[in-house]
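Undergrad: Just passing along the structure, written as structure tokens.
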Amino acid sequence: MTSAEHNRAPLLSCAEVEVRMGAKLLLANASVNLAPGRVTAILGPNGAGKSTLLSVLSGQREPTRGRVVLDGRPLADHGMAALALRRALMPQESAVAFDFTAQDIVALGRYPHRRAPARDEDDIIGRAMALTDVTALATRILNTLSGGEKARVHLARALAQLWHPRPDGATRWLLLDEPTAALDLAHQHSAMRLLRAWAAQGVGVVAVLHDLNLARRYADEVVVLGAAEGLRQGATAEVLQPELIEAVWGMPCQPVSSADGTLQYLFG
Amino acid sequence: MSQRLGFGTVLCGSMLLLAVAFATGAISGAYAISLSQLWNVLASVGQGSAGNPSPEHLVFLNIRLPRLILGMAAGAGLGMAGTLMQGLFRNPLADPGLIGISSGAALAAGITIVLGAWLWPVLPRTLGSWTLVAMAFGGGFIVTLLIYGLSRSEGGTRMALMLLAGIAINALASAGLGLLSVMATDEQLRSLQFWLLGSLGGARWSAVLLVCAAVFLSCWAAASLASPLNAIALGEAQAALLGVDVERTKRRAVVITAVAVGAITATTGIIGFIGLIAPHWVRMLAGPDHRVVLPASALLGAVLVLAADTVARTVIAPAELPLGVLTAFIGVPVFLLMLRHFRGRI
């Protein structure tokens, strides 16, 4: 193995994972290999198990069968407190109890670091909020914000949690469950550019997306759930072909080239 | 957005209020003591001169002081326990009384009073009030677990389920206490009545010290739960992803609440609504951060109980109003206003 290949060796992976809740099969036979430094989009129709896969990869849910491995060790062996220092998960929707302000919520992202605070601890919250354009909402009560504003606050919280590279060199992982679903057009694209920038700094970014065009434009790699032949993983341009899209989503699809040369799809 | 007071302002303000409530409680009552007399009593205690104690000396040290201290400890414990339950249930309407913890403790205490001699022929003589406290603790503990189990769904608790389960448990407890009152002797009946209405009248130094110890230990243990409870406001799943040991936090909160509420209820009977009102008012003033809500609710709870007890023993002196009746008169309107405020989320 050359050193370049070694660098691209998957660090977060799951093999033949199955998740059941009672009699219901939420995720069947899923195997993915994720590398840091890139944006991976998890795609698939409703109920295909995207969020389940993300929760398994985050360590939030134990798979019924199969295993998840991070840095060559089973994920469960890392311990939730140690994982919290290097892995953040932005939830799809999150009801917050009590009247916490947006700034309070972003500050909770620093909870795992309270025993070993960074030198610029107070700056981190403000800078994370600036990145997701929620500085003006800092003193507003979270529960009074719109869905998109809430999503940007939770994104800022996830970024605050992972703000500094780990002193031990451990890879940081940013997992996001439909981060763009509630955002307006401009914020969708600025959020995706932000994720690309974080990936460029070596963070592993894994996002559940519904918008195939966003995935086509910003994701290095896609994981498609819900195809007849099972899970598909690979480079975005190779996997996300019109035939697959029609087979998985049942939508006729026509590729067009956008002004900047990126391939996008027209549906119907 | 609302302007929030700083941590220091809120804590200093509550301590000032507590000092005022304590002084007011100390000088008023069936036997009025003037401020200068109070000062003389405190000074003579400080000098340790016993000699020939004045009547106000005897009244203050033997009757009023233990009662004031019991009131402060009970109020602090209830305010703190209310905050813990609300943080754990992620729900501002959780109150140890409303969701049945106090009545569970009272029912267990009632069983001990009426049936104790029959159920444990040997124990009550030797362990006396300790059996009562242990039983009240057990009753509160079981109810807390039951309510938590019943009202949990999808990683959170459902407000409506929790309140309905509380209604059911309160109904069961009052039926149980009704049944016990039929079986009770006259003396036991008076004891039972005392549980249901709540009173600081039973303040004897031994009981006061027991409650103080239980409340002090509970508050000390609760302090470490403030930050995890902030994270749990995001939901249990998100808190776990931030590295909070959610199960351990829950276990601790439940045990702490049961210890504090059990010890308080075993000594004072049911004092409702303090655990609901105190944290609610603190949150309105200072925001929901548990690092300030926990200590400030304990202080404000102490203020509320002291103030209510002072009213209870002065308005119809020398007779007394039951304390629990008074706290309900204050608490129910506040609760109804809160229901109105939170109606969209039930």
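Just so it is clear, none of the values below were taken in a lab; they were calculated from the coordinates. All values reported here derive from a predicted model rather than from experimental measurement. Every residue, glycine as well, gets a Cβ built from its backbone with ideal geometry; the counts of neighbours run over all protein chains shown.
Undergrad: Counting partner chain Cβ atoms within 10 Å of every residue's Cβ in A:107-113, what's the average?
TA: Mean shielding count: 4.
Undergrad: Using only the Cα atoms of chain A, what are the Rg and Dmax in Å?
TA: In order Rg, Dmax, the Cα atoms of chain A give 18.5, 54 Å.
Undergrad: Jot down the per residue volume, in cubic angstrom and as a whole number, of the convex hull over the alpha-carbon atoms of chain B.
TA: In chain B, the Cα hull volume divided by residue count equals 153 Å³.
Undergrad: Fewest Cβ neighbours within 10 Å first, please rank A:Y265, A:Y218 accordingly. Numbers along the way, then the final one.
TA: Working: A:Y265 15, A:Y218 24.
Arranged by neighbour count, lowest to highest, A:Y265, A:Y218 become A:Y265, A:Y218.
Undergrad: While we're here: Taking amide hydrogens as modeled 1.01 Å from N in the peptide plane, which residues meet the under 5 Å criterion relative to A:T101, leaving out close sequence neighbours?
TA: A:L142
Undergrad: How far apart, in nm, are two points set 7 Å out from the Cα along the Cα-to-Cβ line at A:L25 and at A:L266?
TA: About 3.9 nm, to one decimal.
Undergrad: Take the Cβ-Cβ distance between B:A160 and B:V334 as r, set R0 to 22 Å, and report the resulting FRET efficiency rounded to the nearest 0.05.
TA: E(calc), rounded to 0.05, equals 0.65.
Undergrad: Right, next: Only bridges whose two residues both fall in the protein assembly as shown count here: according to DSSP, what percent of them are antiparallel, nearest 5?
TA: Roughly 60 percent of the DSSP beta bridges within the protein assembly as shown come out antiparallel.
Undergrad: Okay, next question. Using the Cα gyration tensor of region A:123-235, with a ≥ b ≥ c the square roots of its eigenvalues, what is the shape: rounded (a/c below 1.5), prolate (a/b larger than b/c) or oblate (neither)?
TA: oblate
Undergrad: How would region A:200-268 be classified by its alpha-carbon gyration tensor: rounded, prolate or oblate, with rounded meaning a/c under 1.5 and the a/b versus b/c comparison settling the rest?
TA: Values: a/c = 2.15, a/b = 1.14, b/c = 1.89.
Cα axes put region A:200-268 in the oblate bin.
Undergrad: State the antiparallel share, in %, of DSSP beta bridges confined to chain A, rounding to the nearest 5.
TA: On the way: 24 of 41 bridges.
Expressed as a percentage, antiparallel bridges in chain A total about 60.
Undergrad: Under a straight-distance cross-link criterion of Cα-Cα below 20 Å, which lysines are reachable from A:K150, leaving out those fewer than 8 residues away in the same chain?
TA: Leaving aside lysines fewer than 8 places away in the same chain, none come within reach of A:K150.
Undergrad: Magnitude of the Cβ-charge dipole of region A:95-165, K/R +1 and D/E -1, about the Cα centre, nearest 20 debye? Show your work: numbers first, answer last.
TA: Numbers: 9 positive and 8 negative charges, 40 e Å.
The dipole of region A:95-165 has a size of about 200 debye.
Undergrad: Have a look at B:L78, B:L234, B:L163 and tell me which one the Gaussian network model of chain B (Cα, springs below 10 Å) gives the largest fluctuation.
TA: Top of the fluctuation ranking is B:L234.
Undergrad: Let me ask something else about it. So what J values fall out for region B:316-326 if you push phi through Karplus, 6.51 cos²θ - 1.76 cosθ + 1.60 with θ = phi - 60°, rounded to Hz, Gly and Pro as x?
TA: 10, 4, x, 6, 10, 7, x, 4, x, 5, 5
Undergrad: Under the rule of at least 5 residues apart or a separate chain, name every residue whose amide H is placed under 5 Å from the amide H of A:M90.
TA: A:L175, A:L176, A:D177
Undergrad: Run the simple label-point estimate for B:S34 and B:A175 please: 7 Å along Cα→C-beta, distance reported in nm.
TA: 5.8
Undergrad: Tell me, what is a quarter of the convex hull surface for the C-alpha atoms of the protein assembly as shown, in nm² with one decimal?
TA: Its Cα hull, projected and averaged over all orientations, spans 34.6 nm².
Undergrad: Let me ask something else. Counting only C-alpha contacts under 8 Å and six or more residues apart, can you give the relative contact order of region B:217-290 as a whole percent? Can you show the working numbers first?
TA: Values: 33 pairs, mean separation 26.5, N = 74.
Worked out over region B:217-290, it gives 36 percent.
Undergrad: A further question follows. Give the value in nm², to one decimal: projected area of the alpha carbon convex hull of region B:171-258, averaged over all directions. Please report the intermediate quantities before stating the final value.
TA: On the way: hull surface 33.0 nm².
The number I arrive at for region B:171-258 is 8.3 nm².
Undergrad: HN-Hα J couplings of region A:135-142 from phi, Karplus 6.51/-1.76/1.60, θ = phi - 60°, integer Hz, Gly and Pro as x?
TA: Along region A:135-142, the couplings run 4, 5, 9, 3, 9, 7, 7, 3 Hz.
Undergrad: Compute the distance in nm between two label points, each set 7 Å from the Cα along the Cα-to-Cβ direction, one at B:R204 and one at B:V182.
TA: Here the answer is 3.2 nm between the modelled labels.
Undergrad: Moving to a separate point now. How high is the relative contact order of region B:173-305, in percent, counting Cα pairs under 8 Å that sit 6 or more residues apart?
TA: 30 percent.
Undergrad: Show that you can apply the helix-only estimate: for the protein assembly as shown, add -39,500 (n - 2.57) for every DSSP H stretch of four or more residues, divide by all residues, and state [θ] at 222 nm to the nearest 500.
TA: Working: 26 runs with 346 residues, N = 614.
Counting only the DSSP helices, I get -18000 deg cm²/dmol.
Undergrad: Residue separation times 0.36 nm, minus the C-alpha to C-alpha distance between B:T9 and B:I316: what's the value? Walk me through the numbers on the way to the answer.
TA: Values: separation 307, 0.36 × 307 = 110.52 nm, distance 3.60 nm.
106.9 nm is the gain from fully extending B:T9 to B:I316.
Undergrad: Oh, and also: Got a sec to turn the phi values of region A:18-35 into Karplus ³J(HN,Hα) couplings, 6.51 cos²θ - 1.76 cosθ + 1.60 with θ = phi - 60°, whole Hz, x for Gly and Pro?
TA: Karplus values, whole Hz, x for Gly and Pro: 10, 10, 10, 10, x, 8, 7, 8, 8, 8, 10, 6, 9, 10, 9, 10, 10, 10.
Undergrad: To continue, here is another question. Indicate the gyration tensor shape class of region A:95-165 (rounded, prolate or oblate), computed on the Cα atoms with a ≥ b ≥ c the square roots of the eigenvalues: a/c under 1.5 is rounded; otherwise a/b larger than b/c is prolate and the rest oblate. Could the numbers behind the result be given before it?
TA: Working: a/c = 2.09, a/b = 1.62, b/c = 1.29.
Taking the square roots of the gyration eigenvalues as a ≥ b ≥ c, region A:95-165 is prolate.
Undergrad: Next question, about the same structure. Among B:S44, B:S297, B:S174, which one shows the highest mean-square fluctuation when chain B is modelled as a Gaussian network with alpha-carbon springs under 10 Å?
TA: The residue with the greatest mean-square fluctuation here is B:S44.
Undergrad: Also: Identify the residues of region B:77-97 with backbone N under 19 Å of a label point that sits 7 angstrom from the Cα of B:I167 along the Cα-to-Cβ direction, or state none.
TA: Within reach of a label on B:I167: B:92-97.
Undergrad: Tell me, A:W249, B:W195 in order of fewest to most beta-carbon neighbours within 10 Å?
TA: Ascending number of Cβ neighbours within 10 Å: A:W249, B:W195.
Undergrad: So what is the relative contact order for chain B, in percent, with contacts set as C-alpha pairs under 8 Å and at least six apart?
TA: 32
Undergrad: OK, next. What FRET efficiency do you get for A:E243 and A:R119 if R0 is 45 Å and r is their Cβ-Cβ distance, rounded to the nearest 0.05? Write down the numbers at each step before the final one.
TA: Values: r = 53 Å, r/R0 = 1.17.
E(calc), rounded to 0.05, equals 0.30.
Undergrad: Moving to a separate point now. If eta is 1.306 mPa s and T is 10 °C, what Stokes-Einstein diffusion coefficient results for region A:1-145, Kirkwood Rh from Cα pairs, in µm²/s?
TA: Approximately 89 µm²/s, per Stokes-Einstein.
Undergrad: With r defined as the distance between the Cβ atoms of B:S224 and B:E247 and R0 fixed at 22 Å, what FRET efficiency is calculated, to the nearest 0.05? Could the numbers behind the result be given before it?
TA: Details: r = 15 Å, r/R0 = 0.69.
Calculated value: 0.90.
Undergrad: Counting other beta carbons within 10 Å of each Cβ, put B:M72, B:M162 in order, fewest first.
TA: On the way: B:M72 26, B:M162 23.
Listing B:M72, B:M162 from fewest to most nearby Cβ atoms yields B:M162, B:M72.
Undergrad: Let me ask something else. Which residue, A:H164, A:H210, A:H154, tops the fluctuation ranking in a GNM of chain A built on C-alpha contacts under 10 Å?
TA: The residue with the greatest mean-square fluctuation here is A:H164.
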